[in-house]
1. Where residues in region 70-93 are in a helix (DSSP H, G or I) and in contact (Cβ under 8 Å) with a residue 24 or more places away in the chain, which of them is most open to solvent (accessible area, probe 1.4 Å)?
2. Just to verify a result, which residue in region 1-52, among those that are in a helix (DSSP H, G or I) and β-branched (Val, Ile, Thr), is surrounded by the most Cβ atoms within 10 Å (Cβ to Cβ)?
3. β-branched (Val, Ile, Thr), over 16 Å from Pro16 (Cα atoms) and assigned to a loop (DSSP other than H, G, I, E, B): does that describe Val101?
Amino acid sequence: MKISKIMTRNVRTLEPERSIREAASLMADIDSGALLINEGDRLIGMVTDRDIAIRGVAAGLDGNTPVRQVMSSNVRYCFDDEDVDHVAANMADLQVRRLPVLNREKRLVGVVSLGNIASGHSRQANDTVLRGVSSAH
């Protein structure tokens, strides 16, 4: 089965110059711990609630700090035409809970999470990703 069959579409994104307060508010609105950051039509980063807490608040930055200052710019991703089992293995190796999904033109088309994998009807993929993500760092 291809990732495009189980991924979440219509992903909310944020621009890098928006504030960490806006990012946190959007996370609360959509009940998510992570946001993808785009500049124009390109994915340039990801910010998590942990990034805001550790790189922002704990470092003494205020809520008006641009997301760009606390986001991770080394974003791992997968392609929409990749097999679920392959992506699950990559997620396990990387020990990540979610991956942006790009098309072959490298445009964001969705996101795949542990929940998507778990409901994707591949027991092997589910077992693989859960083992990898839950292992000690």
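1. Here is the first cut: in region 70-93, the ones in a helix (DSSP H, G or I) are 84-93.
From what is left, the residues that are in contact (Cβ under 8 Å) with a residue 24 or more places away in the chain are 84-85, 87-89, 91-93.
Values: Val84: 4, Asp85: 54, Val87: 0, Ala88: 0, Ala89: 36, Met91: 0, Ala92: 14, Asp93: 127 Å².
Among those residues, the one meeting the criterion is Asp93.
2. First pass over region 1-52, keeping only residues in a helix (DSSP H, G or I): 3-5, 20-30, 49-52.
Narrowing the set further to residues that are β-branched (Val, Ile, Thr) leaves 3, 20, 30, 52.
Working: Ile3: 24, Ile20: 26, Ile30: 10, Ile52: 24.
Per the criteria, the residue is Ile20.
3. no
The values are calculated or read from the model by the stated rules, or taken from the named source; none is laboratory data. On a predicted model such as this, the values are computed, not experimentally measured, just so you know. For neighbour counting, all protein chains shown are included, and Cβ atoms are generated from backbone atoms with ideal geometry for every residue, glycine included. Only protein heavy atoms, including side chains, enter the accessible area calculation; ligands, DNA and RNA are left aside. Shrake-Rupley method; radii C 1.70, N 1.55, O 1.52, S 1.80 Å.
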